[in-house]
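The values are calculated or read from the model by the stated rules, or taken from the named source; none is laboratory data. These numbers were taken from a predicted model, which means no experiment stands behind them. Cβ placement follows ideal geometry from the backbone for every residue including glycine, while neighbour counts extend to all protein chains displayed. For accessibility, only protein heavy atoms count, side chains too; no ligands or nucleic acids. Shrake-Rupley method; radii C 1.70, N 1.55, O 1.52, S 1.80 Å.
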Amino acid sequence: MAASESDVRAFLQSSQRPLRNALKQFERKVEFDVEAAWNGGEIFKLIEEQDVEVRKFKENAFAAGKPLGPDEQLAAGIVVANAIARQRAQFAKSVEEELNLAPSA
């Protein structure tokens, strides 16, 4: 944040060389984003199959033999949200590793 246009001009003038050097490091570089969309039904099935915490929670909930109350429903939502976060992190890591292995042009 600068107080005035003249402050910006003074900064750019005094920092011209370091800024040019920094920009040269980005020459011929490309940036891109990778996005993935979850298939809602499939992600829940995958999490139920692969996530130990979700399986245990489900087994314990069914073992009680009664419907889940509001507190248990909230806890179930938290367990599933945590499992989705773990799955997302694992997926992102595998994509990143795959991209790092790709030959560069």
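Taking Cα atoms only, the orientation of helix 40-50 departs from the longest principal axis of the chain by about 70 degrees.
Based on protein heavy atoms only, the chain ends up with 90 Å² per residue of surface accessible to a 1.4 Å probe.
Relative to the longest principal axis of the Cα atoms of the chain, the long axis of helix 70-101 makes an angle of roughly 50 degrees. Build a GNM of the chain with springs between Cα atoms under 10 Å apart, and of V30, V52, V95 the one that fluctuates most is V30. Placing +1 on the Cβ of every Lys and Arg and -1 on the Cβ of every Asp and Glu, with no other charges, gives the chain a dipole of roughly 420 debye about its Cα centre.
Net charge near D51: determine it from the other residues with C-beta under 15 Å of the C-beta of D51, scoring Lys and Arg +1 and Asp and Glu -1. That sum, taken over residues with Cβ under 15 Å, equals +1. Each 5 Å bin, from zero up to the one with the longest distance, holds this percent of the alpha carbon pairs of the chain: 2, 9, 12, 12, 10, 8, 7, 7, 8, 7, 7, 6, 3, 2, 0.
For the chain, what % of the accessible area comes from carbon and sulfur atoms, probe 1.4 Å?
It is 56 percent, rounded to a whole number.
In order along the stretch 56-68, phi translates into HN-Hα couplings of 4, 4, 5, 4, 5, 5, 6, 5, 5, x, 9, x, 6 Hz, rounded to whole numbers, per the Karplus curve 6.51 cos²θ - 1.76 cosθ + 1.60 with θ = phi - 60° and x for Gly and Pro.
Once the dipole of the chain is set up with Lys and Arg at +1 and Asp and Glu at -1 on Cβ about the Cα centre, which of G69, S4, S15 lies farthest towards its positive end? Projecting each Cα onto the dipole axis, the largest value belongs to S15.
Total lysine pairs in the chain at Cα distances under 19 Å, for residues eight or more apart or on different chains: 4. Among the GluC sites (Glu not before Pro) within the stretch 1-57, those in coil by DSSP and having at most 13 neighbouring Cβ atoms inside 10 Å are E27, E31, E35.
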